[in-house]
Amino acid sequence: MLENQRIYLRPFTDADLNFILQLGSDDLYRQTAGFAAVHNLDEAHKILRIYQQHPNDYVICLQETHQQIGFVELNERGIDERSQLADTREVGFILLKEFWNQGYMTEALKLVFDYAFIEMKISEIWAGHYENNQRSAHFLQKMGFDYKYDVQMPFPFIEQANEKYYLLTLSKWQRFRDKLR
């Protein structure tokens, strides 16, 4: 478990079923972050099982109330030697809108990035966002990410989406980390 005074990050558990349903039934998270549409508990259960299989996917919870307020996923980008991506990851994240602009996601990513760069010995962390999601663009730049390229990606719930990709290296993280509030 990763934690600070206000939040802790823990693996997904069966207790997160309604949280998955909450995220998947809100158009905002589907349109801005690509979260899958979830219409019932059976669909939520299928998505929850996927998150439970990934050791670096975390639910963000408040220390005081244990309420789930978001999640962070740190996904592998490639594991074979030819790809040269084994020591890189891609981060994804969602925060419930009622907790925006309160510093929770900054705190969560600080915990995850410190763990990834120091404990896991990751060399690079990548992140992407849909072109229409300017909040994420601003946030990634605040966290020290540098814009690298665009990709046209088809999605089942969006006809076509332009996704912008950013890179954060260990040296850049070390320069930005202590400046974050």
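The values are calculated or read from the model by the stated rules, or taken from the named source; none is laboratory data. Remember, predicted model here, so these are calculated numbers, not experimental data. All Cβ positions, even for glycine, are placed from backbone atoms using ideal geometry, and neighbour counts span all protein chains on display.
Observations on the structure shown:
- Selected residue (criterion: modelled with the highest pLDDT) from residues of the stretch 97-133 that are among the basic types (Lys, Arg) and surrounded by fewer than 14 Cβ atoms within 10 Å (Cβ to Cβ): LYS97
- Qualifying residue in the stretch 12-20 (condition: closer than 23 Å to THR65 by Cα, within 18 Å of the chain's Cα centre (by Cα) and not in a helix (DSSP H, G or I)): yes
- Tallying residues that are of a type in the set (D, E, K, R) and assigned to a loop (DSSP other than H, G, I, E, B) within the stretch 21-77 yields 3.
- A count restricted to the stretch 134-177 and to residues that are acidic (Asp, Glu) and modelled with pLDDT of 90 or more stands at 1.
- Any pair with Cβ under 8 angstrom, 6 or more apart, that starts in the stretch 143-157 at a residue that is under 19 Å from ILE125 (Cβ atoms) and loosely packed, with under 12 Cβ neighbours inside 10 Å and ends at one that is modelled with pLDDT of 85 or more and of a type in the set (Gly, Ala, Ser): VAL151/GLY128
- Taking the conditions (1) at pLDDT 95 or above; (2) over 16 Å from TYR8 (Cβ atoms); (3) charged (D, E, K, R) in turn, ASP87 satisfies each one other than (1).
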